[in-house]
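Here is the structure we will look at.
The values are calculated or read from the model by the stated rules, or taken from the named source; none is laboratory data. Everything numeric here is computed off the predicted structure, so don't read it as measured data. Virtual Cβ from ideal backbone geometry, glycine too; neighbours counted across all protein chains shown. Quick note on the areas: whole protein, heavy atoms, side chains included, nothing else; ligands and nucleic acids left out. Shrake-Rupley method; radii C 1.70, N 1.55, O 1.52, S 1.80 Å.
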Amino acid sequence: MTTTPPRTVLLTGAAGGVGAFLRASLPGYGYRLRLADLKPIDGAESLVFDLRDAAAVREAVRGVDAVVHLGGISLEDSFEAVLEANIQGTYHLYEAVRKEGTPRVVFASSNHAVGYVPLVGGAIGSAVPARPDTYYGLSKAFGENLASLYADKYGVETVSLRIGSCFAEPRSVRMLSTWLSPGDCARLVHAALTAADVGHTVVNGISANTRAWWDLRSARALGYVPQDDAEIYAEGLLATHGPLDPAHPDARFIGGSFTQTDPHHCV
Ligand code: NAI
Ligand code: 15L
């Protein structure tokens, strides 16, 4: 079931990689975008803001029908940096939507919220509990829980997308399983913006990959129909990198090498 699509959508983190894909694709679904980032972006309706600044976040949210929240640190970093941009920043975002009466958020969560879940055979659904592999993944688990709280307490609906790897093409053998193509990313975000009565729903975000170890049932239930499959890149990636060693973290855990990252070497 779908609902009336929101017209104006705030895209946080609009200057980033996924932001660039969605800036190009979402207008084709009929959305008018308000772009926001720490970095300036050329465009009719764009603003520079810092998620760490609650008043600036509220100003950015005012008047929009929905938010696609991509902004923040997208890799492992120091706890303090993740705390400010991702944990406090996402809190500022949810306080802003609560106060402004914005009904729907699409939250860019990550496979790293569940990165220590082992790949032991069988498709893994989106109901698997948080098992973060980094402070970054922890911030995504926090964001999902914050979304749950604001849905239950204040009626702000969210779809949390546990995105695999959203790039123009898969870059590694692992990404033959985790790839979310730019086109499928737009299809997934559109489904997340328009599905009715989502409360707080967590979905896995990948394409229809032959080598997927995530299942897409909850995403498909929102109306997501993926069109792409990373398998067309398999021959080239396997020729370059060889098959995955079963002992390698990419073959053992959802979060792959992030399980091996020591944040104290990231500062
Ligand atoms: P990115 O790092 O390219 O973009 C993030 C954007 O957020 C940047 O433009 C940055 O300037 C902005 N930002 C950072 N701190 C900010 C702050 N304090 N205030 C305002 N803006 C700030 O990341 P990417 O790849 O575009 O990812 C987008 C979102 O999707 C991120 O939240 C990331 O964690 C999530 N994600 C991405 C995946 C991928 O494969 N690209 C996989 C899983 C999750
Ligand atoms: C993420 O969460 C990152 O933001 C992205 O840069 C990739 O590292 C991705 O996960 C991945 O696991 O491939």
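Would you kindly identify the strands (runs of 3 or more DSSP E) lying entirely within the stretch 17-127 that contain at least 3 residues that are under 19 Å from residue 151 (Cα atoms)?
Ranges flagged: 66-69, 104-110.
The set of residues in the stretch 11-32 that are touching a residue at least 60 places away in the same chain (Cβ under 8 Å) and within 18 Å of residue 62 (Cβ to Cβ) comprises 12, 31. Is it true that some residue in the stretch 144-152 is buried (at least 24 other Cβ atoms within 10 Å of the Cβ) and within 12 Å of ligand 2 (Cβ to nearest atom)? For the stretch 144-152, residues buried (at least 24 other Cβ atoms within 10 Å of the Cβ) and within 12 Å of ligand 2 (Cβ to nearest atom): absent. Are any residues in the stretch 111-136 open to solvent by less than 10 Å² (accessible area, probe 1.4 Å), touching a residue at least 60 places away in the same chain (Cβ under 8 Å) and out of contact with any Phe, Trp or Tyr (no Cβ under 7 Å at 6 or more places or on another chain), and if so, which ones? Answer for the stretch 111-136, where residues must be open to solvent by less than 10 Å² (accessible area, probe 1.4 Å), touching a residue at least 60 places away in the same chain (Cβ under 8 Å) and out of contact with any Phe, Trp or Tyr (no Cβ under 7 Å at 6 or more places or on another chain): 111, 114. Does the stretch 175-183 include one or more residues that are farther than 25 Å from residue 31 by Cα, aliphatic (A, V, I, L, M) and within 12 Å of ligand 2 (Cβ to nearest atom)? There is at least one residue in the stretch 175-183 that is farther than 25 Å from residue 31 by Cα, aliphatic (A, V, I, L, M) and within 12 Å of ligand 2 (Cβ to nearest atom).
What number of residues within the stretch 139-165 satisfy the criterion of being under 10 Å from the mean Cα position of the chain (by Cα) and of a type in the set (S, T, N, Q)?
Residues that pass the stated criteria total 2.
Residue count for the stretch 131-168 satisfying the condition of being of a type in the set (S, T, N, Q), assigned to a helix (DSSP H, G or I) and either away from ligand 1 (no atom under 13 Å from the Cβ) or touching a His at 6+ places or on another chain (Cβ under 7 Å) (or both): 2. When 124, 163 are checked against the criterion of being touching a strand residue (DSSP E or B) at 6+ places or on another chain (Cβ under 6 Å) and more than 29 Å from residue 53 (Cα to Cα), 124 stands alone in meeting it. Residues in the stretch 60-110 that are open to solvent by less than 10 Å² (accessible area, probe 1.4 Å), out of contact with any Gly (no Cβ under 6 Å at 6 or more places or on another chain) and aromatic (Phe, Trp, Tyr): 1 in all. Might you check whether a residue that is among the aliphatic types (A, V, I, L, M), open to solvent by 80 Å² or more (accessible area, probe 1.4 Å), more than 15 Å from the chain's Cα centre (by Cα) and modelled with pLDDT of 95 or more occurs anywhere in the stretch 6-23? There is no residue in the stretch 6-23 that is among the aliphatic types (A, V, I, L, M), open to solvent by 80 Å² or more (accessible area, probe 1.4 Å), more than 15 Å from the chain's Cα centre (by Cα) and modelled with pLDDT of 95 or more.
Checking the stretch 186-197 against the condition returns a match, with at least one residue being surrounded by 19 or more Cβ atoms within 10 Å (Cβ to Cβ) and among the β-branched types (Val, Ile, Thr).
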